[in-house]
Amino acid sequence: MIHEKARLNIERRTKQYVHQANKGRKKVVFELGDWVWLHLRKERFPEKRRSKLLPRGDGPFQGVERINDNAYKLDLPGEYGVSASFNVADLSPFEIGDDLRTNPSQEGENDANQGNDANQGAAGHANHEHGNGVKFAQDHLSLPSGPITRLRAKHFKEALNGLIQENWADSKKTKMGSNNNQGLVHVIKAIEETN
């Protein structure tokens, strides 16, 4: 009787330990030909990890052989000088669109011009000049689809200041009516939405 209770208690506790140990794990199975990222461990790649500023991973590499669910052989270049067999813990899946090293900017071109060609074609690059000599482009008031660079932020600020000065000059000419302030109200709402 007491032996049976002890055995059941040990089995129950073992199941709890297994459950707790495997709680954060997920089973990853790669197929032949899958592309994977390789984690460069300090112990296995001392030359590749001699500084904390060097990358912690490399790849993508193609899986050549599946040893079992937990070990894979990669098509590793000879410059690494290590065995091409790796534990699944050192591998992470690589999706074709996930290459973080690619840069959408073209070398030698101005990043500020990205995305502006579409705006110029659609908006016709409508420049407005006002009585006080202020020029601003309407297409700069639309938020760009790409990254906001310093130049784009500067153009947006200049266009916004020009619009505010235009509305301020118009409001001084006529009494402040609800129809005269519609553009300014839209600009203020757009600024509030972006913040």
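Candidates are the residues of the range 144-185 that are at pLDDT below 70 and surrounded by 12 or more Cβ atoms within 10 Å (Cβ to Cβ); the one that is nearest to the chain's Cα centre (by Cα) is Gly146.
Within the range 1-38, being touching an Asp or Glu at 6+ places or on another chain (Cβ under 9 Å) and farther than 22 Å from Gly59 by Cα holds for no residue.
The values are calculated or read from the model by the stated rules, or taken from the named source; none is laboratory data. Treat the numbers as computed from the prediction; the structure is a model and nothing was measured. Virtual Cβ from ideal backbone geometry, glycine too; neighbours counted across all protein chains shown.
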